[in-house]
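The values are calculated or read from the model by the stated rules, or taken from the named source; none is laboratory data. Since the structure is predicted, the reported quantities are computational estimates derived from the model, not experimental observations. Cβ placement follows ideal geometry from the backbone for every residue including glycine, while neighbour counts extend to all protein chains displayed.
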Amino acid sequence: MSQFKKVEVVAHTVSNWEKAKKFYTEVLEWPLIFASEEAGWIEFGRENETHISINRWNGPGPAPAKSKAVIAVFTVEDAHKTHDWLVAKGVKCDEVVHIPGMVTYGTFYDPEGNALQFASAG
């Protein structure tokens, strides 16, 4: 049996702390569950669910490179409506992808270029 129980948090490193906070709270309207300015750590989500967090990069050197290697995926009712909602808020989004009988999903990016996805039943 694995020692690991569940995914608790998926974290993204950000260098522009104020811009990232505004994006996740005001643009995406995600509920804040924990915040520590001192630690440079904020978690968004609901009780007893996996959280997405931002972690302030304090150096030294530049922030780690962004990639699509690890992506948090969020369930939504309608991927096309979510895409349109994000685009209307000025969020950078890729085109929605539909895999018939499986899933419809889209990729969007926070101000630092961290990739996130949303998905609905196909």
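Limited to region 47-60, what total is found for residues that are over 14 Å from TYR24 (Cα atoms) and among the basic types (Lys, Arg)? Steps first, please.
So in region 47-60, the residues over 14 Å from TYR24 (Cα atoms) come out as 47-50, 57-60.
Add one more test, that the residue is among the basic types (Lys, Arg), and what stays is none.
Here the count works out to 0.
Is one or more of the residues making up region 36-46 modelled with pLDDT under 90, more than 12 Å from the chain's Cα centre (by Cα) and small (Gly, Ala, Ser)?
yes
Looking only at region 1-42, how many residues end up being more than 20 Å from GLY61 (Cα to Cα) and of a type in the set (S, T, N, Q)?
Qualifying residue count for the region: 4.
Is at least one residue of region 103-114 among the polar types (S, T, N, Q) and on the phi > 0 side of the Ramachandran plot? Outline the logic, then answer.
Taking region 103-114 first, the residues among the polar types (S, T, N, Q) are 104, 107, 114.
Still in the list and also on the phi > 0 side of the Ramachandran plot: none.
No, region 103-114 contains no residue that is among the polar types (S, T, N, Q) and on the phi > 0 side of the Ramachandran plot.
PHE23 passes all but one of (1) out of contact with any Gly (no Cβ under 7 Å at 6 or more places or on another chain); (2) closer than 21 Å to SER120 by Cα; which number fails?
PHE23 satisfies every listed condition except (2).
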